1. Can you pull out every residue in region 422-458 that is outside any loop (DSSP other than H, G, I, E, B), more than 14 Å from the chain's Cα centre (by Cα) and under 21 Å from Val492 (Cβ atoms)?
2. Of everything in region 334-352, what is surrounded by 18 or more Cβ atoms within 10 Å (Cβ to Cβ) and among the small types (Gly, Ala, Ser)? Give them in sequence order.
3. Which residue is farthest from the chain's Cα centre (by Cα), if the candidates are limited to region 118-154 and must be under 19 Å from Leu215 (Cα atoms), of a type in the set (A, V, I, L, M, F, W, C) and outside any loop (DSSP other than H, G, I, E, B)?
4. Select from region 630-643 the residues that are at pLDDT 95 or above, over 36 Å from the mean Cα position of the chain (by Cα) and surrounded by fewer than 14 Cβ atoms within 10 Å (Cβ to Cβ) and list them in ascending order.
5. Could you check, for region 542-549, whether at least one of its residues is touching a His at 6+ places or on another chain (Cβ under 9 Å) and either in a strand (DSSP E or B) or under 29 Å from Tyr670 (Cβ atoms) (or both)?
6. Residues Arg557, Arg567: which one is crowded, with 17+ Cβ neighbours inside 10 Å, under 23 Å from the mean Cα position of the chain (by Cα) and not aromatic (Phe, Trp, Tyr)?
7. Restricting the search to region 85-98, which residues are modelled with pLDDT of 95 or more and either assigned to a loop (DSSP other than H, G, I, E, B) or closer than 14 Å to Asp209 by Cα (or both)?
8. Can you tell me which residue among Ala601, Ala560, Ala575 is in contact with a Leu (Cβ under 7 Å, 6 or more places away or on another chain) and not in a loop (DSSP other than H, G, I, E, B)?
Amino acid sequence: MRLSRRLSAPAALAAASAVIGAALTLALEPAEPAELAGPGSAAPPGPFGAASAVLTSDAAAEPVEVEVPNAGFEEVDGDGWATGWRLDPARAQTATVVEGDAHAGERSLEVVDPPGSGIAIWSSPVESVRDGEYEASAWIRTVSGVPAWLYLEFYDANGRRVSETHVTPEASATWQRVTVAGTAPAAATTLKLLVYGSNSSAGTSYVDDVALRLLNPPPPYDPVIGQRTQLFHDLDRVDTLTHVGRVVHEGELTDQPILSPDRPWEANNVYLYGSVLFDEDEQLYKMWYHSYNWDLGEYLNLYATSRNGRTWDKPELGVYEFDGSTANNIVIGDNIHSPSVLKDPFEDDPARRYKMMAMDYEQGYVVYFSPDGVRWTACGCNPVSTGADVANIFQDPETGEFGVMWKQPDLRPVPNIRYAFLSTSADFETWSEPELVLAADQRDQLMATADGHTNAQIYGFPVTAYQGGWVGFPWIYKPGGGTPGMAGSGPVDVQVAFSDDLRTWTRDDRRSVIPRGVPGSWDAGMIYTASSLVQTGRDLRLYYSGWDGFHDGSPNRGAAIGMATWRVDGFASLANGGDQPGVVTTRPLVFDGRALSVNAALAPGGTLRVEILDADGEPIPGFTLEESRKVMGDRTDHRIRWSGAHDLSALAGTPVRLRFHLDDGDLYSYRFHG
């Protein structure tokens, strides 16, 4: 572990967290009217948030109506004003609730936008759902001049507006329904509707019957967990937290590279646009990696093996000729780029047991099959898609279906900006239409520009199945800056993201989970990761390549391969610092089993106790806090016991809650078992 030589998180990271939603450097939508944007206001985000994406998605849920207080302006206070609506005190007070001219009911809102002055009228705040897709509407009739505009605005927990969308309707003397749509950013906690009149225009409108719909409501809460491990990658099963916070953890890194360029064909770089797996049948680690040979001007795809995952051999394969000899570890040359490999446990044909996707610069994305991972045959189906330079494949461990996260240059919403697209396949030959699932959002942009870069982009996105969900490692490329005159020069950092369906991704904490080294070190410039995790007993390993220079095409850059390690379930935890004991209470759970175990690391003197409550939150005799035995130390499988009872069978199949009392430590996961 080399934390002492790691770069500390830049001050901009803390600043970014404090001012989530500040102006985008890379604006993907027109900015809001200047007169509405005051100090501290945020410019609107791009059309794709942090986010977005199981291999085949379920049918979309039906939209639901969201209540807007006094949506028809029928309720008035003692002064005759619409309850639940607020006029901006800094603007002209020229709005009135009137009777007799309404789209429905008895009343509507008359909005007079006087010359040289604007008017703004906000609804009461409504709680928003993260990544919720909302549609707001209002019936508007124009009496004269320019009609009122309709805004949909999102706000964070501090009341700061983090994004907005709006519509400027055409004037209509009859009632017309005006709609505007927007997606709640990760930072948003509430939304408001705004009826607005610009400083630069004048007009009189009537507004009535405001409505709001959530187009992608989350599925109903399912309390049944059986014996599945419960992680804290999100807080979906947490009801309340007191003196406890959610933390994303960096990997523990090897001090030096575990694989370096030391063969003539490897030039000065070996790196992972590739894959590492542990072959259970052979009890052998296998790595497919990459090198760019500057003299040949082409990419070579290489193979290495290891018994322990730390010390690697480069076998002489006799497959590919280099400099007159096949005594090398090259499996494919021919300028094939980004070799992503898996071993398919569902495959009946031995010749197709290993599968590879890569980029052929003359064809596009291509696939190969192999019986041993060494001798590869190109598929007659090639190319399977138009090309870019990064594709990371994966497989659903339950169904055997394949997925790929790849760049799709022909589908980019904004030219020259990189995004992650998802496609799926049942046969590894025919792939579904790519879906855009991850784009750099306003938080990424703010962090990039705070460091002096032009913008942020998704350079690659390896994902892997984990504990019934998905974990991903987006590579965040920040061009601009760096070497003078190199417009594309910039670092690449690795974050961690979580998803239940591959289409909606959570990245609450944007820290680099594999931090780049200090200037001058072998991994100071860029980090790329293998296409999947490797789990070995109590550890999770993610192999990665580090470059000593930025993304600028310089032949002077060198690359080597290292390893990052986490404890099992160790990407995120609920943490308490020990100043005040923390409490975590879950939502109702229905489990199966006789015992409860937790993965927790307690500091010296730290403790964890667990009580079991009924669905209403009342402690269950025999499983109360007073009867709970303290857990101490650092284990991935602490057994929870009570002085009055040990067997949980009598509670299985009925809704209960868990209440964790955490004092100075980290809680990573919990599970019920037999």
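The values are calculated or read from the model by the stated rules, or taken from the named source; none is laboratory data. Keep in mind that what you see is a predicted model, and the values were worked out from it rather than measured. Here the Cβ is made from the backbone with ideal geometry for all residues, glycine too, and neighbour counts use every protein chain on show.
1. Going through region 422-458, the residues outside any loop (DSSP other than H, G, I, E, B) turn out to be 422-425, 435-438, 442-450, 457-458.
Right, trim to more than 14 Å from the chain's Cα centre (by Cα) and you get 423-425, 435, 445-450.
Answer for region 422-458, where residues must be outside any loop (DSSP other than H, G, I, E, B), more than 14 Å from the chain's Cα centre (by Cα) and under 21 Å from Val492 (Cβ atoms): Gln445, Leu446, Met447, Ala448, Thr449, Ala450.
2. Selection gives Ser338, Ser340.
3. As a first pass, look at region 118-154 and keep what is under 19 Å from Leu215 (Cα atoms): 125-138, 150-154.
With the extra rule that they be of a type in the set (A, V, I, L, M, F, W, C), the set shrinks to 126, 129, 136, 138, 150, 152, 154.
Subset that is outside any loop (DSSP other than H, G, I, E, B): 126, 136, 138, 150, 152, 154.
On the way: Val126: 24, Ala136: 26, Ala138: 33, Leu150: 30, Leu152: 24, Phe154: 19 Å.
Step by step, filter region 118-154, then rank; the result is Ala138.
4. Scanning region 630-643 gives no hits.
5. First pass over region 542-549, keeping only residues touching a His at 6+ places or on another chain (Cβ under 9 Å): 545.
Still in the running and either in a strand (DSSP E or B) or under 29 Å from Tyr670 (Cβ atoms) (or both): 545.
Yes, there is a match, as at least one residue in region 542-549 is touching a His at 6+ places or on another chain (Cβ under 9 Å) and either in a strand (DSSP E or B) or under 29 Å from Tyr670 (Cβ atoms) (or both).
6. Exactly one of Arg557, Arg567 is crowded, with 17+ Cβ neighbours inside 10 Å, under 23 Å from the mean Cα position of the chain (by Cα) and not aromatic (Phe, Trp, Tyr), namely Arg567.
7. Across region 85-98, the qualifying residues are Trp85, Val97, Val98.
8. Ala560
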